[in-house]
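J.: Would you mind keeping the following structure in view while I ask a few things?
The values are calculated or read from the model by the stated rules, or taken from the named source; none is laboratory data. For clarity, every value in this text was computed on a predicted model and none was experimentally measured. Every residue, glycine among them, receives a Cβ derived from its backbone with ideal geometry; neighbour counts consider all protein chains shown.
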Amino acid sequence: MLATGESCDLAALLLGKEGELTVFMGLWHQETFLVRNRAFADGIWTLYGVILVGWSSGLPVLECTDETRTIHKQPRDIAAYQSLNEVCAGISGMSVAAKALSMRPGLCLDKSDLACAVLRRNGLEAVQGDLNNRQDRIAFHKAVSGAASLLVAGFPCQPFSMQGDRAGMQDIRSNTLLQVLRLAWHLQAPGLVLECVAAVQDFPEAMQAIQQLAHKLDYSFEHVVLELADQWPCKRKRWWGVLLPKLKCPLGLSNWPLSTAHPCIRDVIPEWPCWPTEQILDLAWTQQETEMYESDQFGSDCRRYDANGVAPTALHSYGCALRSCPCGCRSQPLSLQRLMQGGFRGVGVVDVTTGQLRFAHPSELGLLNTLPADFCYADSARDSLCLVGQVAAPLQALWVFAHITVWSQANLAAQVHLQYGRNWRPVWPHMTEIEIDELAAGRLVGHPIH
């Protein structure tokens, strides 16, 4: 219960006028209230920082002050599902996929200055901000308020990951998921796409929070787990969730089939490239890293990429486990206790010039995780690895977005028309034209999107 003098943030529908007061209905609790000191057009508004000042005829009266921010919701149409804004963006694997589908990537928000710098190098609009900071959320909302667009987010996996603490919603880092959901509500986003480790579905509190938002928005909530290695020579098993309005044709988000081609690393990277000397030195294993990777105390993982096999899952700590994380999320190395308990994960490449083991170059690791070969990284090759290690794989995102495109066309347009083809060829060159056509149409052979 709000006390007199306290402020709140609300998404509300304008009902009309009563004298100099505007009558609203709050969308979360369906309560009616009055607002003074501001003029409003018809429609849905998000009111940030309105203050309870009293009551009139049994209704609460809220007042707008100089600190209040009011944002009008834009109408939702088919164009809203052809564009997106990304938070917890990292290096924006989802925006990369959006470009491949001729969708329009909009604003990207991330807490890391390193990630934002890489995004700008790749022609994306990026702003540094923390979703846990209310002012940053308001600034993001204001910046994207000109048109309705999908909101997409790969939220932190550490609270749920098998490599993490698995404290679920008790982990303070899981609060970011709640802030993504809060932002989606205040935006009244036309749709929400979420990505995380597959294990997140084992945490009922996380699933219930997402389901609650879907219920309040009257959206459907569908989710699927995709294993990248089913289509590409790299393991990356990820959960994808999609919230969309309940329209006539359901989304029908489906798993993708196992590729009959069974691609291996050699199909994507026929031979390990030569890189500038300074980058090779940056990526070279230190003596401590070499000793620990060779010690059974820190796991029995294979320490070299198998060109005839698939790459292991890239982790956020790849290249920085024994030092602070370049993205700023961790100021200390991982503890030896954690590395002994969970394993010192990592695999190396025998460099073609030095003959010594090194970490994969970010362009190599990125391509293995379906980032385009021409994607631009940070000046430091090693620093870039942590960003690739947390990427939402563009190929998985493309599968999800293809479903959304077909859904939007089925519900909001007379016929399906996807723009694809030449845009995709530089991104996933090993695919045949037939496979590209099938994937663009939202299916692979024998696996329609229904």
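J.: Answer yes if at least one residue in region 270-281 is buried (at least 16 other Cβ atoms within 10 Å of the Cβ), at negative phi, not in a loop (DSSP other than H, G, I, E, B) and not hydrophobic (A, V, I, L, M, F, W, C), and no otherwise.
T.: Of region 270-281, the ones buried (at least 16 other Cβ atoms within 10 Å of the Cβ) are 272, 275, 279-280.
Narrowing the set further to residues that are at negative phi leaves 272, 275, 279-280.
Subsequent filtering for residues that are not in a loop (DSSP other than H, G, I, E, B) retains 279-280.
With the extra rule that they be not hydrophobic (A, V, I, L, M, F, W, C), the set shrinks to 279.
Yes, some residue in region 270-281 is buried (at least 16 other Cβ atoms within 10 Å of the Cβ), at negative phi, not in a loop (DSSP other than H, G, I, E, B) and not hydrophobic (A, V, I, L, M, F, W, C).
J.: Is it the case that Q390 is touching a residue at least 24 places away in the same chain (Cβ under 8 Å) and within 24 Å of Q279 (Cα to Cα)? Working first, answer last.
T.: On the way: touching a residue at least 24 places away in the same chain (Cβ under 8 Å): yes; within 24 Å of Q279 (Cα to Cα): yes.
Yes, satisfied.
J.: Sticking with this one: Tell me the helices (runs of 4 or more DSSP H) entirely within region 77-147 that contain at least 2 residues that are among the charged types (D, E, K, R) and either touching a residue at least 40 places away in the same chain (Cβ under 8 Å) or not assigned by TED's automatic domain parsing to the domain that holds P190 (or both).
T.: It comes to 113-121, 134-143.
J.: Surrounded by 21 or more Cβ atoms within 10 Å (Cβ to Cβ) and either outside any loop (DSSP other than H, G, I, E, B) or in contact with a strand residue (DSSP E or B) (Cβ under 7 Å, 6 or more places away or on another chain) (or both): which single residue out of S363, S317 fits that description?
T.: S363
J.: Still on this structure, please answer the following. Considering each residue of region 348-383, count those that are closer than 29 Å to V242 by Cβ and either aliphatic (A, V, I, L, M) or assigned by TED's automatic domain parsing to the domain that holds C234 (or both), and give that number.
T.: So the count comes out to 5.
J.: I'm told N175 meets every condition in (1) over 25 Å from P312 (Cβ atoms); (2) at pLDDT 95 or above except one. Can you identify the failing condition by its number?
T.: Of everything listed in (1) over 25 Å from P312 (Cβ atoms); (2) at pLDDT 95 or above, N175 misses just condition (2).
J.: Report yes if Q212 is in a helix (DSSP H, G or I) and under 18 Å from the mean Cα position of the chain (by Cα), otherwise no. Reasoning before the result, please.
T.: Details: in a helix (DSSP H, G or I): yes; under 18 Å from the mean Cα position of the chain (by Cα): no.
Criteria not met by Q212.
J.: Test V225 against the stated conditions and say whether it is of a type in the set (V, I, T), assigned by TED's automatic domain parsing to the domain that holds S161 and touching a residue at least 40 places away in the same chain (Cβ under 8 Å).
T.: No.
J.: Check region 31-40 and report whether any residue there is in contact (Cβ under 8 Å) with a residue 40 or more places away in the chain and of a type in the set (A, V, I, L, M, F, W, C).
T.: So far as region 31-40 goes, no, none of its residues is in contact (Cβ under 8 Å) with a residue 40 or more places away in the chain and of a type in the set (A, V, I, L, M, F, W, C).
J.: Looking only at region 148-168, which residues are touching a residue at least 40 places away in the same chain (Cβ under 8 Å), closer than 24 Å to A314 by Cα and either not assigned by TED's automatic domain parsing to the domain that holds M94 or not in a loop (DSSP other than H, G, I, E, B) (or both)?
T.: Of everything in region 148-168, those that are touching a residue at least 40 places away in the same chain (Cβ under 8 Å), closer than 24 Å to A314 by Cα and either not assigned by TED's automatic domain parsing to the domain that holds M94 or not in a loop (DSSP other than H, G, I, E, B) (or both) turn out to be V152, A153, G154.
J.: Starting from region 173-199, keep only residues that are in a helix (DSSP H, G or I), then list their pairs with residues that are of a type in the set (V, I, T) whose Cβ atoms are within a distance under 7 Å, requiring at least 6 positions of separation or different chains.
T.: V180/V87; L181/I210; L183/V87; H186/T46; A198/V225
J.: Kindly indicate which of V310, V352, V347 is touching an Asp or Glu at 6+ places or on another chain (Cβ under 8 Å), surrounded by 15 or more Cβ atoms within 10 Å (Cβ to Cβ) and not small (G, A, S).
T.: Numbers: V310 fails: touching an Asp or Glu at 6+ places or on another chain (Cβ under 8 Å); V352 fails: surrounded by 15 or more Cβ atoms within 10 Å (Cβ to Cβ).
Just a single option satisfies the conditions, and that option is V347.
Listed here are the residues, each with its yes/no results for (1) at pLDDT below 80; (2) among the hydrophobic types (A, V, I, L, M, F, W, C); (3) within 30 Å of A321 (Cβ to Cβ).
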site	(1), (2), (3)
S363	no, no, yes
A378	no, yes, yes
A393	no, yes, yes
V416	yes, yes, no
M431	yes, yes, no
E438	yes, no, no
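J.: Taking interchain pairs and intrachain pairs at least six residues apart, which have beta carbon atoms under 6 angstrom, with the first residue in region 46-63 and of a type in the set (G, A, S) and the second assigned to a loop (DSSP other than H, G, I, E, B)?
T.: G49/E67; G49/T68
J.: Given the structure, is T260 modelled with pLDDT of 95 or more and among the β-branched types (V, I, T)? Give the derivation first.
T.: Details: modelled with pLDDT of 95 or more: no; among the β-branched types (V, I, T): yes.
No: the conditions fail for T260.
J.: Here's something else I'd like to know. Could you please find all residues in region 20-68 being of a type in the set (S, T, N, Q) and in a strand (DSSP E or B)?
T.: T22, T32, T46, S56 - these are the residues of region 20-68 that are of a type in the set (S, T, N, Q) and in a strand (DSSP E or B).
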